[in-house]
Ligand SMILES: [Zn+2]
């Protein structure tokens, strides 16, 4: 079983209950931003944008997922 199965589940009911507040503080640069307007589709709840995403992770989550998928695919192909 591939342990690296990341599903696309945006905001799947967490413990965060900041109803009515769109303002988040970027974990990377510390600025306040409205996550609804964030350009990041994945880490908009954490970072203000893809620039901080890249700065923090080395790349965007989309890039990571692409690598993950292709790696998993090749892994399955070679191991099976
Ligand atoms: Zn930032």
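Based on what the data block shows, is residue 16 within 13 Å of the ligand (Cβ to nearest atom) and either within 11 Å of the chain's Cα centre (by Cα) or at pLDDT below 80 (or both)?
It is false that residue 16 is within 13 Å of the ligand (Cβ to nearest atom) and either within 11 Å of the chain's Cα centre (by Cα) or at pLDDT below 80 (or both).
Take the residues of segment 21-33 that are in contact with a strand residue (DSSP E or B) (Cβ under 6 Å, 6 or more places away or on another chain) and over 18 Å from residue 57 (Cβ atoms): which is modelled with the highest pLDDT?
Filtering segment 21-33 for residues that are in contact with a strand residue (DSSP E or B) (Cβ under 6 Å, 6 or more places away or on another chain) and over 18 Å from residue 57 (Cβ atoms), the one modelled with the highest pLDDT comes out as 32.
State yes or no: is residue 40 at pLDDT below 75 and crowded, with 16+ Cβ neighbours inside 10 Å?
Yes, satisfied.
The values are calculated or read from the model by the stated rules, or taken from the named source; none is laboratory data. If you're wondering where the values come from, they're calculated on a predicted model, not measured in any experiment. Cβ coordinates were reconstructed from backbone atoms using ideal geometry, including for glycine residues, and neighbour counts include every protein chain displayed.
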